[in-house]
Amino acid sequence: MEQATIQCLGCLKSKIPAAKSYHCSAKCFSDAWQHHRVLHERASSALNENGAEEEELFGRFGSGSSGILNSGSGSMSNLGQSPGINNGPVPLYPSGSDKNSGETWFEVGRSQTYTPTADDIGHVLRFECAAADTEKKIPVGPPTSIMTSRVIPAPTPTPRRLIQVNGDVLGHLDIDSQTSSFGTFTVLSYNILADAYATSDTYSYCPTWALSWTYRRQNLMREIIGYHADIICLQEVQLNHFEDFFAPEFDKHGYQALYKKRTTEVYAGVPHAIDGCATFFRRDRFSHVKKYEVEFNKAAQSLTDAIIPPTQKRVALSRLIKDNIALIAVLEAKFGNQGTENPGKRQLLCVANTHVNVHQDLKDVKLWEVQTLLKGLEKIANSADIPMLVCGDFNSIPGSTPHGLLAIGKVDQLHPDLAIDPLGILRPVSKLTHQLPLVSAYSSFARMVGVGYDLEHQRRRMDPGTNEPLFTNCTRDFTGTVDYIFYTADSLSVESLLELLDEESLRKDTALPSPEWSSDHIALLAEFRCKPRIRR
C-alpha cells in the first residue's frame, strides 16, 4: 500500500467517494483513467437522474422478500467497497439525488439490518422500508423511511493497564500483549448491568443510544475480551443474553461457559429477562471438574423451618427470600504447578461468583447470605486442599459487617449493623465466623511499599482507612466500593492488578454508565500465582 500523492478534483465535484479520488502518483492516475472515467460518467448519470420515484422503487425488489429495507447514506460512504457484515450487496454506484432536498443519497445496503462502518462517520443514514407483493414483485403501499442523526465514532475507553504488585520492581504490563506467565492466571469480576435495570429513568444522564443493549453488549464484549482473562466472573447477566449472545461469543474466543440464573419466587418481570451469574474460563488453561449452585431461597426455607415459629414463617420468608444465588466452579489447571513440592499433583481451583442483591435496609439478610456462602465454601475447603477465589458484587461497602466477615473472618460484636436483626438469624453473634484465610486482592495496592509513579497513582485511588478502592460503582446517586475479588492467602499470591479508574475522568460524562464504559460498575482483575503447598 503506497501513500497517495494526487487527488482527482473531478471526483469531489461529482461526489464520488473520497477513497476513490486518491492515487499514488500521476502515472498511477493515468494508468487507471479508463476505469476512473466510468466513475465520473456514472456519477453524472446518477446526479442528473430525474426518473419517477416509483420506477426507482421497483428496481429494488430483487430479493423476493416481502419487505425491503433500503439503507442510504447522505454521504460518500463505502460505495464499491466491502460493506459491513450482513449489509447486503452494494452496487458500484447507486442512484442518488433527492428531488425535494437537493441532497445526494448513496445506497450502502439492501438488507433488513445495517451496521454502520467507519466510512459512515459524520453522515446521516436513511432507512427505507416498503412492503412488497413477492409474486408480482410490486410494492404494496408507499415506502416508509426514517433518518438517523449523524454517525459518530464508537467511543474508545482509555486502556487500563495491569500494575505489577509482586516483585522487586513495580512496573506495568501491556495488557494487549500480556498473557498469563507460566504458573499464573488472571481472574476478572464484573457486574455488567443487566438491560432490565438499565432504564433511562435510573440513568437519565446517559445518552439513550449508549444505554441501549445493542450498543452496550458490543462495548462490554470488546472491553472484556481485551483483558485476556483466564477466568471471567460476570454478574447481572440476563438468561436470554447469556444464551443468545455471551455464550456463543465467548465460545468463539476459546471460553467454556457456566451459568446460574436467579430463582424466581419474587420475580415478576419477563421470565427470560431474569439475570444471574456467568463464569467463563479458557479451555486451554482450565478444565471443568465440578459445579455447585447455591440458592439462598432454599437456605432461607431451611432456616425458617429450624428457628422460626410457624405463625411467623410467612413474615420471615418474605424478608429472607430475595432470589439470590451463587455459582461455584471447581476447575483444574492445565498449566502445571512446577516449583511446588508435588509437581505431578493436580492443581485445582475453586471459584465462587455471586451477586448479593439485597436492599440496603436489610443488613441482616445481606450478612446472612454472605455467611451462608462462606459456610458452603468451608465445606469444600475441608474436603479438598484447594485454593479459593470469592468474586462478585456484594452490595456491601468496606467497613460493613459482610465485608468484615469476608476480610477478617469475623464480625465486630458491637457493630451497629447488628442492631437490625428482627428474626434473630444473626444470634449468637459469635457464630458469625469462618476459617478461610481470605484477603481482598486490591488491598495489595495499599500494602505495597516503595515509591513510583504507578504506585502513587493507584494509592490515590485507594481508601487508606479500609485498604479497598475508593469506588467500584459510580452513579450519580452513589459512589463506593461494593465489588471484590477475595482469595485464600495461604495458597495464592497476587502478582498484578488491573489499574483503578480515576473518578474525575468518569465525571466528564456525569457518572457510569457512559458512552465509554457500558456498566455502572468497573471491572476488577487480578493475576494470581499458586503458592507451594505446605504440609499441615
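Does any residue of segment 267-279 turn out to be open to solvent by 40 Å² or more (accessible area, probe 1.4 Å) and at pLDDT 95 or above?
Checked against the condition, which is being open to solvent by 40 Å² or more (accessible area, probe 1.4 Å) and at pLDDT 95 or above, segment 267-279 yields no hits at all.
Any residue in segment 262-276 that is touching a Pro at 6+ places or on another chain (Cβ under 8 Å) and under 30 Å from Ile231 (Cα atoms)?
Looking through segment 262-276, at least one residue is touching a Pro at 6+ places or on another chain (Cβ under 8 Å) and under 30 Å from Ile231 (Cα atoms).
Filter the helices (runs of 4 or more DSSP H) completely within segment 401-464 down to those with at least 3 residues that are of a type in the set (Gly, Ala, Ser).
443-447
With the structure loaded, tell me whether Leu193 is assigned to a loop (DSSP other than H, G, I, E, B), modelled with pLDDT of 95 or more, within 15 Å of the chain's Cα centre (by Cα) and farther than 30 Å from Tyr453 by Cβ or whether it fails that test.
yes
Would you please name the residue that is modelled with the lowest pLDDT, looking only at residues in segment 413-467 that are β-branched (Val, Ile, Thr) and surrounded by fewer than 19 Cβ atoms within 10 Å (Cβ to Cβ)?
Here the residue is Val451.
Checking His359 against (1) closer than 18 Å to Pro422 by Cα; (2) part of a helix (DSSP H, G or I), only one condition comes out false. Which one?
Result: His359 fails condition (2) only.
When both residues are 6+ apart or on different chains and their Cβ atoms are under 8 Å apart, which pairs have a first residue that lies in segment 359-377 and is more than 15 Å from Leu303 (Cβ to Cβ), and a second that is among the charged types (D, E, K, R)?
Lys363/Asp417
Run down Glu236, Glu249, Glu243 and say which single residue is surrounded by 13 or more Cβ atoms within 10 Å (Cβ to Cβ), under 29 Å from Leu349 (Cα atoms) and touching a residue at least 60 places away in the same chain (Cβ under 8 Å).
The conditions single out Glu236.
Please specify each residue of segment 378-400 satisfying the condition of being in a helix (DSSP H, G or I) and free of Cβ contacts under 8 Å to residues at least 40 places away in the same chain.
Answer for segment 378-400, where residues must be in a helix (DSSP H, G or I) and free of Cβ contacts under 8 Å to residues at least 40 places away in the same chain: Lys379, Asn382, Ser383.
Residue-wise test of (1) closer than 25 Å to His228 by Cβ; (2) loosely packed, with under 15 Cβ neighbours inside 10 Å; (3) in contact (Cβ under 8 Å) with a residue 60 or more places away in the chain; (4) aliphatic (A, V, I, L, M).
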position	(1), (2), (3), (4)
Gly109	no, no, no, no
His123	no, no, no, no
Arg126	no, no, no, no
Glu135	no, yes, no, no
Pro139	no, no, yes, no
Pro142	no, yes, no, no
Arg150	no, yes, no, no
Thr158	yes, yes, yes, no
Ile163	yes, no, yes, yes
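Could you go through segment 351-370 and let me know if any residue there is more than 27 Å from Phe478 (Cα to Cα) and within 30 Å of the chain's Cα centre (by Cα).
yes
If you take the residues in segment 122-156 that are of a type in the set (A, V, I, L, M) and closer than 19 Å to Arg216 by Cα, which one is modelled with the lowest pLDDT?
Result: Ala154.
Which of the residues that make up segment 297-339 are open to solvent by 50 Å² or more (accessible area, probe 1.4 Å), over 30 Å from Ser491 (Cα atoms) and assigned to a loop (DSSP other than H, G, I, E, B)?
Pro309, the sole residue that qualifies.
In segment 284-296, which residue that is surrounded by 16 or more Cβ atoms within 10 Å (Cβ to Cβ) and outside any strand (DSSP E or B) is nearest to the chain's Cα centre (by Cα)?
Among those that are surrounded by 16 or more Cβ atoms within 10 Å (Cβ to Cβ) and outside any strand (DSSP E or B), it is Arg285.
Show the residue pairs meeting these rules: Cβ distance below 6 Å; 6+ apart or different chains; first residue within segment 327-340 and closer than 30 Å to Asp393 by Cα and among the small types (Gly, Ala, Ser); second residue open to solvent by less than 20 Å² (accessible area, probe 1.4 Å) and at pLDDT below 85.
So the pair list comes out empty.
Answer with yes or no whether His521 is farther than 26 Å from Cys233 by Cα and of a type outside the set (A, V, I, L, M, F, W, C).
no
Would you mind telling me which numbered condition in (1) in a strand (DSSP E or B); (2) of a type outside the set (S, T, N, Q); (3) out of contact with any Phe, Trp or Tyr (no Cβ under 7 Å at 6 or more places or on another chain) Phe280 fails?
(3)
From the list Leu220, Leu258, which residue is buried (at least 18 other Cβ atoms within 10 Å of the Cβ), assigned to a helix (DSSP H, G or I) and not β-branched (Val, Ile, Thr)?
Leu220
The values are calculated or read from the model by the stated rules, or taken from the named source; none is laboratory data. Since the model is a prediction, treat every value here as computed from it, not as a measurement. Here the Cβ is made from the backbone with ideal geometry for all residues, glycine too, and neighbour counts use every protein chain on show. Heads up: the accessible areas ignore ligands, DNA and RNA and are worked out on the full protein's heavy atoms, side chains in. Shrake-Rupley method; radii C 1.70, N 1.55, O 1.52, S 1.80 Å.
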